[in-house]
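Below is one structure, written out as structure tokens, with a few remarks after it.
The values are calculated or read from the model by the stated rules, or taken from the named source; none is laboratory data. Keep in mind it's a predicted model, so treat the numbers as computed, not measured. Reconstructed Cβ throughout: ideal geometry from the backbone, glycine too, with neighbour counts over all protein chains shown. Just the protein is used for accessible areas: all its heavy atoms, side chains included, with ligands, DNA and RNA removed. Shrake-Rupley method; radii C 1.70, N 1.55, O 1.52, S 1.80 Å.
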Amino acid sequence: MKRRRGSPPEPGCLRVWAAESLVLADRWRAAPCSGPGGAAAQEVRQQREAFRELLLKMRGLPAALPALPLELTVLYNSLLFTMGASDSAIKEEAEGIRQGLLRVLEACGACGQDLSTEELWQKVLREVTVEELQAPLHRLGALQAAWWLAASRLGSTAGLFRLLSNAEDPGRARYNEGENELLSLLKAWQVPAEEASLPLVQSAEDLKEILCTTAAFLQGLQELEAGNFPTALSLLQEAAGGFCSKKVLAQIYTCLGCCAQRMGKPQTALQHLKRALQVDFQCLPALSHVAAVYHELGETEAELQALALLYEALEKKPPEAASSSPHFLIRTELLVHTPILASLLRHHHPSEVKYLLAQRCLQDGRVSDAVEHYLDFLALLQEGLQQQVPLDGDSPLPRIPEVFLEAASALEQAGRHQDAITLCEEVISRTTDLIPRMLRVEERLQQPECPSPGAGLSQQKESLCCLAWRAAGYLHQGWSWATLGESKEAITQFSRCLGDLLRVQIYGTGIEPTENLLPEVEVLQKIRLLSLIGRGTQFLELGKHKEALLDFQHSLQISPGDPAAAPYLVQALWKLDRKREAAAQWQKFSQSPPGEEGQGRCAGPEGPVPLYLASCLQRAAFPGREALAGSIQDYLGTSNGGPAS
């Protein structure tokens, strides 16, 4: 390429600029910085402004080849401080690199204003052959790679290092089949030697190591998100062996643990996650993943211990972590910002962990502990928890009425029935105005050829949820009053529950179970079933056997062969002295193949019923099955093996 015929800066100017650059670099190296915050951050900003001022002086003159090695070095140092003063790679750095390349072309008598950044690099590296510019250009290329990696432009980064490798040795830019191309190119890149007259505030050798770690980390995360777990594991292990801070290393081990968990290797996952905590105990997302793995393994005691540790750690104000590499302006943590990493490293609010403790204790039957945790959580609600914790898709928190109902369920099981009734009254009062007088819904999910606007469906689902919560409140109150021996009050609450459910007109094509049954409809049907059983049991307590029989018959229409409703029906027939029918029904239910009972529409193809209904399911279980079976067998025996009138 033809050189520009502009007059170069005076040698005296070059010497002054070089001396100023050297002083700035030495001052940074000697600065007693202990980390990226406080005084260190102020020092970074001051150095950035000083290098910017020096760069502006140099660019005040036309670009000239003798001054370009120093100018590109000052640009390199200036951009390092620009990135170091931010939380991530920023646009200003990309524009600074572009201006540097244009200055190189200007000095060589060419232009490239209309070229993209990739095209600029191609033009400069292929056409500029001045030996003195090769090392500064390579260092600037490493900065460009850092910015592109931060933007997840892995292809652009590989293309740039392909150019850099070809510029050094056209025959060396090859990599073996099966190797990762980007990592191979980065490792093969020959770092230009640092010159004493052109001091650097961060060496290109260190920058190369950071680029290798970042490239492995980013690609590992991409493969993890794509579900290519063996490849992800290999890349993340490569990153773990790279150059990074303890904070990043702990994050990489956390990702390795999540990858192993998704591969169905929970013990390996635990090893990686524990390693993350050994490296950096402040990596609390690793502790939350440990709890999740123990939950998957069914090791409840270990899971609860992990959650308790997590809650305790979140309650404390973490100490400010000192940087293990205070003078590294570009670090891996500045370059890796992806949605999947943010998701894997999501920090839970203490209240979310408190809820998980309550939920797991309730599921495991640790009622007293569950009550304590639920009450603590409800106290946090009074402090404005809803404003503190976003109820997004990643949050373990259910809707607040469900938490109230779960707490009521725990209180019931702990024998605190009046407290449970009070909590349910809160749910009932807060949902009353949110339920329409009549709600007409499809029984099953429809799959139209053309998708329809979802606003109407969303509002309908919200109304169904509110109705389910209110009805469940009445259901819990009914069972609580029943336990307290107040059968009439219990019947009133069960009847209110059933009355609420009459607001919904459910229409469909039949009563057969289907995979497309609306989950909200399933819950409503289960609540109706449990309420009918509950009211029927209280009618039995009051000696109203005919009313009880009607409720049990209706419950079996909802869920044919239900294991709770069926024996109650037999008991009602027996108390009405309809022993022949009772025996026939008993034989019918007893002969049902295992697994058929309870597989009506309330069984729920989507999984178990909500946790807040679990205690009601337990209460609805028939308590005297063996005694009833004995009575019927005696009756059949005295009737010579067959029912008699």
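Rounded to a whole number, what % of the accessible area of the range 50-129 do carbon and sulfur atoms account for, probe 1.4 Å? Ligands and nucleic acids excluded, carbon and sulfur reach 49 percent. Kindly state, to the nearest 0.05, the FRET efficiency for residue 581 paired with residue 315, given R0 = 41 Å and r defined as their beta-carbon distance. Taking R0 as 41 Å, the efficiency between residue 581 and residue 315 is 0.10. What a 1.4 Å probe finds exposed on the range 243-377 is 52% carbon and sulfur by accessible area, rounded to a whole percent. With Cα atoms defining each centre, the range 459-494 and the range 175-241 are spaced 60 Å apart in the structure.
Can you work out the accessible area per residue across the range 258-304, with the rest of the protein chains kept in place, probe 1.4 Å, in square angstrom?
Per residue, the range 258-304 has an accessible area of 44 Å².
No solvent, one uniform scatterer per C-alpha: report log10 I(q)/I(0) for the range 536-593 via the Debye equation at q = 0.18, 0.20, 0.21, 0.23 1/Å, two decimals. Taking Cα atoms of the range 536-593 as identical point scatterers yields -0.53, -0.65, -0.71, -0.85. Between the listed residues 226, 212, 200, the Cα displaced farthest toward the positive end of the dipole of the range 176-269, a dipole computed from Cβ unit charges relative to the Cα centre, is found at 226.
Computed over protein heavy atoms with a 1.4 Å probe, the accessible surface of the range 83-166 works out to 37 Å² per residue.
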